[in-house]
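S.K.: Have a look at the structure that comes next, please.
The values are calculated or read from the model by the stated rules, or taken from the named source; none is laboratory data. Every value quoted in this text rests on a predicted model; they were computed, and no experiment measured them. Reconstructed Cβ throughout: ideal geometry from the backbone, glycine too, with neighbour counts over all protein chains shown. All accessible areas refer to the heavy atoms of the entire protein, side chains included, with ligands and DNA or RNA removed. Shrake-Rupley method; radii C 1.70, N 1.55, O 1.52, S 1.80 Å.
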Amino acid sequence: MKRVLHYLLYMTPGLAFGALVFLVLFRYRRRRLEARGLHSSALRECGVCLFWMYCGGMAAVTLFPGPGWLLDILRGADHVPLFDLGGLDRRVSLLPFSDLDSGFNLAGNIVMFLPFGFLTALLWRGWTWKRALFLGLAITAGIECWQIFVGRYFDIDDIILNALGVLSGYLLWALLRRAAPGFAERFYIIKENSHG
């Protein structure tokens with residue numbers, strides 16, 4: 001539980017940034033929808049805000065060297081691992097499932113990416129399992145490649161498990177849609193004259 005709380009704390013600046021981006025774009029998005037005769041419910045807007053917050057939080061956790069890196073720079077640290085490729089051969093793992101160190105790591109890499117698959121399917125019509133899988137592979141491959149440049153590790157296991165997490169999130173949405181189709185449809189954008 002302590003590790004989960006650590007990750008949530010580390011996500012906090014990104015969550016706040018995601019909420020700020022949502023608020024900054026809110027009026028612009030509403031005007032665009034209204035100009036096209038479309039309506040987004042308050043429930044959907046909450047979902048979109050959660051999506052932005054989640055993306056910001058995940059960026060904070062995955063795209064930076066680690067907790068405290070910015071404070072280290074501000075304090076004048078001699079070495080911060082930004083764009084340092086030294087020791088690259090020790091930071092790349094290309095052999096699948098050769099380096100799984102714990103069940104927490106295995107489950108965490110899947111669970112951490114569930115919201116990408118779930119929220120994208122919930123908020124945008126026409127989302128398919130193929131799109132979810134492609135999104136999972138593309139996002140996580142990009143993250144893993146970027147992590148090489150910030151002193152972190154490229155691990156093929158992370159790409160596989162994170163993509164599996166995105167696909168699992170999509171499958172959870174598909175189950176929700178089947179169990180409660182009316183609830184899932186409340187998150188879609190609708191024509192202005194069709195809401196009450």
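S.K.: Is there any pair with a first residue in region 37-52 that is under 23 Å from T12 (Cα atoms) and a second that is among the β-branched types (V, I, T) and crowded, with 18+ Cβ neighbours inside 10 Å whose Cβ atoms are under 8 Å apart and which are 6 or more apart or on different chains, and what are they?
M.R.: F51/T120
S.K.: Of the residues W52, W69, which single one is of a type in the set (F, W, Y) and modelled with pLDDT of 90 or more?
M.R.: Result: W52 is the single residue among W52, W69 that is of a type in the set (F, W, Y) and modelled with pLDDT of 90 or more.
S.K.: Taking the residues in region 130-150 that are open to solvent by less than 30 Å² (accessible area, probe 1.4 Å) and either of a type in the set (S, T, N, Q) or outside any helix (DSSP H, G or I) (or both) as candidates, determine which candidate is farthest from N109 (Cα to Cα).
M.R.: Residue satisfying both the conditions and the ranking: V150.
S.K.: Let me ask you something else. Need pairs with beta-carbon distance below 8 Å; first residue among the polar types (S, T, N, Q) and within region 121-142, second open to solvent by 40 Å² or more (accessible area, probe 1.4 Å) and at pLDDT 95 or above; sequence gap 6+ or separate chains.
M.R.: Taking only residues 6 or more apart or on different chains, not a single pair turns up.
S.K.: Which residue is farthest from the chain's Cα centre (by Cα), if the candidates are limited to region 1-36 and must be over 30 Å from A107 (Cα atoms) and touching a residue at least 60 places away in the same chain (Cβ under 8 Å)?
M.R.: Selected residue: E34.
S.K.: Taking only region 18-34 into account, find how many residues are at pLDDT below 95 and either open to solvent by less than 20 Å² (accessible area, probe 1.4 Å) or among the aliphatic types (A, V, I, L, M) (or both).
M.R.: 1
S.K.: For region 172-192, does any single residue satisfy the condition of being among the aromatic types (F, W, Y), open to solvent by 20 Å² or more (accessible area, probe 1.4 Å), closer than 20 Å to L8 by Cα and in a helix (DSSP H, G or I)?
M.R.: Scanning region 172-192 turns up no residue that is among the aromatic types (F, W, Y), open to solvent by 20 Å² or more (accessible area, probe 1.4 Å), closer than 20 Å to L8 by Cα and in a helix (DSSP H, G or I).
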